[in-house]
Number of protein chains: 2
Amino acid sequence: MPRLDLTASAADLTRAICDIPSVSDDETALADAIFDAVSALPHLEVHRDGDTIVARTNLGRAQRVAIAGHLDTVPINDNLPTRDIDVDGEAFLWGRGTVDMKAGVAVQLKLAAELVSPRVDLTWLWYDHEEVEASRSGLTRLAQTRPDLFAADFAILGEPSGGEVEGGCNGTLRAIVRTRGARAHSARSWMGQNAIHAAAPILARLADYRAAEVPVEGLVYREGLNAVRISGGVAGNVIPDLCEIEVNYRFAPSRDAAEAERHVREVFEGFEVEITDLAEGARPGLDAALAQEFVAAVGAVPRAKYGWTDVARFSALGVPAVNYGPGDPMLAHHDQERVPVAEIVAVERGLRAWLTSH
Amino acid sequence: MPRLDLTASAADLTRAICDIPSVSDDETALADAIFDAVSALPHLEVHRDGDTIVARTNLGRAQRVAIAGHLDTVPINDNLPTRDIDVDGEAFLWGRGTVDMKAGVAVQLKLAAELVSPRVDLTWLWYDHEEVEASRSGLTRLAQTRPDLFAADFAILGEPSGGEVEGGCNGTLRAIVRTRGARAHSARSWMGQNAIHAAAPILARLADYRAAEVPVEGLVYREGLNAVRISGGVAGNVIPDLCEIEVNYRFAPSRDAAEAERHVREVFEGFEVEITDLAEGARPGLDAALAQEFVAAVGAVPRAKYGWTDVARFSALGVPAVNYGPGDPMLAHHDQERVPVAEIVAVERGLRAWLTSH
């Protein structure tokens with residue numbers, strides 16, 4: 001089993017854990033290495049549930065902060081092992097997982113080992129299956145079996161945010177908008193009803209849709225309503241009797257699930273709408289005292305997070321949560337995924353400064 | 001090998017050849033049985049090319065008529081063996097191939113055996129692979145290797161026409177109309193360009209399209225322009241960069257291929273159009289003297305054929321051709337495919353009356 005040296009630099013540790021591939025469903029080798037390394041640290045109480053590992057200090061501090069990161073990546077596409085590269089004179093670590101989100105995990109592992117006496121009690125969470133259906137996530141499982149381990153006054157997700165603090169996140173809704181018709185031979189099309197033609201107003205409404213920009217607790221959340229898939233048709237000589245358009249609505253955290261659904265049903269009024277996936281966003285939570293101290297300590301200007309992340313899971317449990325991690329989120333899942341080494345160092349410094357200040 | 005009794009009734013012969021399954025690619029058993037049966041007839045000169053069989057009289061008549069039918073069917077779907085059924089008091093033969101087009105072939109086989117001295121010389125053609133790409137059709141092959149066998153003054157295709165005479169056929173064109181965009185994460189949709197939304201005007205033009213009704217030599221051909229398939233999308237969280245709509249244009253036989261293509265490109269002006277399939281129709285050819293005699297003899301009122309059939313192949317070789325066969329074309333390829341026994345008898349009588357009149 002590979003051994004991890006948690007006293008190495010965060011960049012070296014990033015390289016080491018990226019080079020232990022951990023595509024969703026295949027996180028065990030990395031989880032084993034982490035479990036082994038943190039179990040050796042006497043200041044941490046360590047739990048393991050499948051490939052999710054929780055390590056906690058129990059210093060009797062007045063407050064507790066949860067800091068979390070997922071271990072899995074999207075599939076490798078010829079982008080491992082990692083490489084050191086130089087882009088316009090800036091040093092990067094290149095390869096799958098460097099951005100999403102092993103640099104963040106490496107910083108967490110290093111600080112988990114180093115900070116034996118932080119200003120708040122800490123709960124470190126490293127979990128499996130973030131890049132797949134939410135129902136398979138290690139956090140979903142743990143929230144059911146050990147909700148007590150989520151107890152915290154504030155949470156930080158190490159998702160890539162370019163070293164900035166990204167507050168909250170948009171919610172996401174997926175729906176199938178459907179038209180139906182009647183099949184006929186295309187040589188006698190007037191005997192049928194063309195379901196694809198019937199979808200014309202759906203696409204027109206999508207094309208004309210103007211997404212809102214919604215201020216929530218001082219941050220502005222930009223929404224979006226988009227077709228992500230369309231399908232219809234039986235054969236080259238048959239009038240199609242079904243057309244399905246999958247739409248994805250990203251909605252500001254000030255709207256709840258019911259409001260998001262109502263909005264989508266209104267936009268597609270007159271058509272069959274089936275909601276297939278719905279997750280509320282998270283308010284930025286930056287009015288919490290700990291959050292304000294955190295933002296001040298790391299010297300960041302908070303901005304809104306658009307993509308859904310597990311901050312929403314903490315938020316739903318009443319724990320204000322933000323994203324703070326190295327790496328450009330636009331490069332997550334990218335074949336040229338790469339993280340600036342200086343950003344890894346900056347996030348490490350920011351977290352250390354806050355967690356050790358008094 | 002099953003033996004065919006060409007002196008049986010046309011209905012019994014239909015049943016016998018339907019119960020020798022002959023889905024495209026699997027016509028050999030039926031072709032063998034037919035070759036065996038017609039080879040025993042001294043008044044016919046028989047050729048075989050793969051699973052296509054040609055049987056000709058050589059009586060020195062002033063005129064020659066080609067009468068053709070295909071041997072293959074679309075796939076069986078729990079609808080063989082054949083059954084005798086009764087619908088509202090009318091006797092039907094039910095099962096795959098009864099309509100498209102073994103009842104027509106059975107009538108042809110019976111008359112090929114019986115008519116030793118018809119009023120015109122006859123060329124009977126039974127061929128393979130009609131239900132698949134035109135390039136694989138036995139007629140395509142034969143037209144290249146033995147064009148002399150197509151020589152005729154008039155041709156009759158036994159395709160189902162409900163016992164009526166259906167003249168000519170519409171042409172058919174298929175094209176892909178394409179929109180392109182730029183991928184982005186759907187949480188930041190404004191970074192991309194949605195190709196599915198961009199297809200809105202294409203569907204609107206299709207929905208608004210009013211198909212022409214075009215008179216050609218006394219028959220009216222109804223056209224049609226339809227989407228038959230649509231596809232687009234990458235994943236549930238990605239703005240799609242491509243949307244493809246397959247359209248099928250059925251056009252009157254007065255338009256040639258270039259005119260059909262020009263029309264489709266005009267309708268979708270401003271969009272990428274790729275023509276993927278294009279076959280001209282056939283003029284009804286009912287002004288030919290033999291055609292007029294035929295229509296009078298069988299006592300039918302000619303109407304336009306909408307679906308493309310091999311009449312177009314004869315028409316392209318300068319041979320006027322019509323469809324005349326038992327069975328409702330709406331039931332072709334249907335799982336409840338069934339032919340009225342009385343229609344088999346009527347078509348047999350019609351053909352016999354004309355071919356033996358003087």
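The values are calculated or read from the model by the stated rules, or taken from the named source; none is laboratory data. None of the values given here were measured: they were computed from a predicted structure. Quick reminder, even Gly has a Cβ in these numbers, built from the backbone with ideal geometry, and neighbours come from all protein chains shown. Only protein heavy atoms, including side chains, enter the accessible area calculation; ligands, DNA and RNA are left aside. Shrake-Rupley method; radii C 1.70, N 1.55, O 1.52, S 1.80 Å.
A compact table of results
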| read-out | value |
| --- | --- |
| Within region A:227-245, tally of residues that are closer than 30 Å to A:Glu166 by Cα and either more than 8 Å from chain B (Cβ to nearest Cβ) or crowded, with 24+ Cβ neighbours inside 10 Å (or both) | 1 |
| Region B:277-306: number of residues that are of a type in the set (Gly, Ala, Ser), within 14 Å of another protein chain (Cβ to nearest Cβ) and surrounded by fewer than 20 Cβ atoms within 10 Å (Cβ to Cβ) | 1 |
| Sole exception among (1) within 30 Å of A:Ala211 (Cα to Cα); (2) modelled with pLDDT of 95 or more for B:Leu157, by number | (1) |
| Condition met for B:Val345 (within 11 Å of B:Ser161 (Cβ to Cβ) and either in the same structural domain as B:Leu125 (by TED's automatic domain parsing) or surrounded by 20 or more Cβ atoms within 10 Å (Cβ to Cβ) (or both)) | no |
| Boolean, A:Gly167 is touching a residue at least 60 places away in the same chain (Cβ under 8 Å) and within 14 Å of chain B (Cβ to nearest Cβ) | no |
| Lone qualifier among A:Arg56, A:Arg64, A:Arg3, A:Arg83 - being under 25 Å from the mean Cα position of the chain (by Cα), free of Cβ contacts under 8 Å to residues at least 60 places away in the same chain and either farther than 15 Å from A:Trp126 by Cα or open to solvent by 20 Å² or more (accessible area, probe 1.4 Å) (or both) | A:Arg83 |
| Where a residue in region B:186-202 is more than 7 Å from chain A (Cβ to nearest Cβ) and its partner, wherever it lies, is modelled with pLDDT under 90 and open to solvent by less than 20 Å² (accessible area, probe 1.4 Å), with Cβ under 7 Å and at least six apart | B:Met191/B:Ala184; B:Gly192/B:Ala184 |
| Subset tally (residues that are more than 21 Å from B:Ile344 (Cα to Cα) and not in a loop (DSSP other than H, G, I, E, B)) for region B:34-55 | 12 |
| Flag if A:Asp78 is outside any loop (DSSP other than H, G, I, E, B), among the acidic types (Asp, Glu) and open to solvent by 10 Å² or more (accessible area, probe 1.4 Å) | no |
| Among the candidates A:Gly192, A:Gly162, residue that is closer than 30 Å to A:Leu109 by Cβ and open to solvent by 10 Å² or more (accessible area, probe 1.4 Å) | A:Gly162 |
| Condition met for A:Arg210 (in a helix (DSSP H, G or I) and either farther than 16 Å from B:His197 by Cα or not assigned by TED's automatic domain parsing to the domain that holds A:Val347 (or both)) | no |
| Test result for A:Gln108, more than 24 Å from A:Val23 (Cβ to Cβ) and in the same structural domain as A:Glu27 (by TED's automatic domain parsing) | no |
| Matching residues in region A:206-221 - criterion: being open to solvent by 30 Å² or more (accessible area, probe 1.4 Å) and more than 7 Å from chain B (Cβ to nearest Cβ) | A:Asp208, A:Tyr209, A:Arg210, A:Ala211, A:Ala212, A:Glu213, A:Pro215, A:Glu217, A:Gly218, A:Val220 |
